[in-house]
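Read the structure below first, then the notes.
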Amino acid sequence: MSAACVLPLCMLFLSCEDLLNILFEEVNGQSYDVVTATKSVSWDYSSSSDAYRADDSVLNINVSGSIGGKTLYLVKANPNDYSISLNDTRIVKSTASGFRAASEEETVTDVSDLISIPAESGKRHFTPPPVELPETAARNASADIFSGSSTVSKISRTVGTTKNIYVDDDTEISKFTQKTATLQAVGTYCNVWIVNDYYSIGSSSGNRVNKSVAQSFASKFDDMYKIITNIYGDESDKLIDADSSTRSTIYTKNMDDYSDTGTYVNIVIYDIGNDYSKRESEQCCVLGYFYAKDYYYSTKSSSDIIGKSNKGKYFYIDSAYAVNDLDDTISTLAHEFQHMINFNQKNIKHNLAPDTNYNEMLSMLCEDMMQSHLGVADKNSPKSRFQTFNSYYYLSGIREYRDGNYVSASYANAYAFGAWLARNYGGAALIKEISTNSYIDNESIVRAVRTVSGNNYTFDDLFAQFLTALLDNSSAYTMKKDAAQTVSYDGYTYPMTSINLLSSAYSPESEYMSENRKYAGNGYQSKGPFVFSNNYGTSLRSEYGISIHEIKTYSSGTTRDTISLSSSGAEGLVNYFIIK
């Protein structure tokens, strides 16, 4: 996420036609060279060495070991920052054990126009764009703008207090206007506001909520506050001086002096996107979000996003979902709070800008580790994303974030990788290290794994382990195990329970499988990630985009084979051979 995200993630309603139109993005122009592979390599297969990473120079792999009865898979992977056209990926042309590609002339067939993906409906998170600071202080203010005593009057924390708050007013979450909100509940750490237009004196219904809903949010947020900050660290108590700060230098001052709500977290409930009365296809379906704009302070009046800052700690929850999906919105509180904390831990403390995939991964892991404490069902947790992952993982890189209609695949991939990491490398202890170390993105992950586990793995090492976990539950790196519970707060040990990715609960929908089985590997069961056969596939997305292909099952007693690839492929393409 950027500093923003309330649910700066999530899913949106898509029609079948829309999905078919946008399923695959064309690679516009070729940003890589095509290379010819010539190298032959050897692979001593064993249960502890069941994956081999072949770079773009490898043509033949001579494998030896007890491979009889096991299945050979090829996982095409693209760790680069550009997409790779399907025509520039590679296929298995033959194996010494008798496999042959469909014909000598045939190359892999693009199923982009053939594959049918059912329409998806659901909720989503909104990821606001980052707030851009100039290269130089352009607002003509001095760096000591915040010197002196408090310049604002604090509002009364009495239920019934009103104030004007900037909220969005369109489904793109791009237009903001001030609306009057009333304080309906107070907690130890938070204020809960309901925009007056969406307040109900009686029972909650539609997109109007009553005081008891506000009190539920206050109680739940107070209950989770210390448990989350124990792992992720604290949110910032400082505002950024937008008049003097630049991209290279951040000036801050105590929020308690310059925010009328002090250092309390403000939860604002209203109809996000003003979409409740719109047709389903026109709704933005946003549960909530955090927008870093509210952490910026300026003495200048401006029409840019900083001019719409509420100058304090704010995140926003949709009133209709608060009425009809309370569990989801409670989980959203944890998700968005992580985004707020992350803005402090990375952006403010270290002047770093983490990528959205990394930030969303941390927020979904926050929901994951808080699920038991909050009593949230799997269907209202990030685990509900595994069906999307199993169906559409190839629509987004594992470490890529795509906007628009692809966003659900990006969220699913980010969570699948993060959930795997947590269950193999320390649970909440790992998350704490990722959140609070002075790095971002892949480097933050690698450093955290080294600190917690003592293993000197590279990111590519971790990625290869993740791939083996996708294909069966016997892998040493399977997700089907509970995360370690070595840290606690007030008796809560942050349980992150076993995940069976191959469970029928996460299977692609039957309509999807019946339509697309012809592109799948031999004997593929409709569980786990979709597996293509050798001669079908898709373009590879950037930032660890993958496609999984079944090649063959070895006869009993087989102890060696030579796998031969097509010789031409994109520079930077990586092929992982996995035997399971």
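The values are calculated or read from the model by the stated rules, or taken from the named source; none is laboratory data. Just so we're clear, the structure is a prediction, and the values are computed from it rather than from any experiment. Positions of Cβ are backbone-derived with ideal geometry, glycine not excepted, and every protein chain shown enters the neighbour counts. In case anyone asks, the SASA skips ligands and DNA or RNA and just uses the protein heavy atoms, side chains included. Shrake-Rupley method; radii C 1.70, N 1.55, O 1.52, S 1.80 Å.
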Cβ contacts < 6 Å: first residue touching a residue at least 24 places away in the same chain (Cβ under 8 Å) and among the basic types (Lys, Arg), restricted to segment 460-485; second residue part of a loop (DSSP other than H, G, I, E, B) and open to solvent by 10 Å² or more (accessible area, probe 1.4 Å), any location; separation 6+ or different chain. Result? 481/498
Subset of segment 157-195, residues free of Cβ contacts under 8 Å to residues at least 24 places away in the same chain and open to solvent by 40 Å² or more (accessible area, probe 1.4 Å), comes to 160, 164, 174, 175, 177, 178, 180
Determine if segment 470-480 includes at least one residue that is open to solvent by less than 20 Å² (accessible area, probe 1.4 Å), under 29 Å from residue 90 (Cα atoms) and modelled with pLDDT under 95. yes
Exactly one of (1) open to solvent by less than 30 Å² (accessible area, probe 1.4 Å); (2) under 24 Å from the mean Cα position of the chain (by Cα); (3) not acidic (Asp, Glu) is unmet by residue 527. Its number? (1)
Subset of segment 410-436 [farther than 22 Å from residue 484 by Cα and more than 9 Å from the chain's Cα centre (by Cα)]: none
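Could you say which residue among 416, 429 is open to solvent by 20 Å² or more (accessible area, probe 1.4 Å), part of a helix (DSSP H, G or I) and at pLDDT 95 or above?
429
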Given the conditions (1) surrounded by fewer than 21 Cβ atoms within 10 Å (Cβ to Cβ); (2) within 22 Å of residue 229 (Cα to Cα), report the number of the one that residue 456 does not fulfil. (2)
Number of the exception - residue 436 against (1) within 19 Å of residue 230 (Cα to Cα); (2) open to solvent by 40 Å² or more (accessible area, probe 1.4 Å); (3) free of Cβ contacts under 8 Å to residues at least 60 places away in the same chain: (3)
From the residues in segment 444-466 that are polar (S, T, N, Q) and assigned to a helix (DSSP H, G or I), which one is farthest from residue 577 (Cα to Cα)? 451
Looking at segment 261-327, what strands (runs of 3 or more DSSP E) fall wholly within it and have at least 1 residues that are more than 19 Å from residue 171 (Cβ to Cβ) and either open to solvent by less than 10 Å² (accessible area, probe 1.4 Å) or without any contact (Cβ under 8 Å) to a residue 40 or more places away in the chain (or both)? 265-270, 313-318
In segment 309-337, what residues are in contact with a Phe, Trp or Tyr (Cβ under 6 Å, 6 or more places away or on another chain) and of a type in the set (S, T, N, Q)? 309, 310, 319, 329
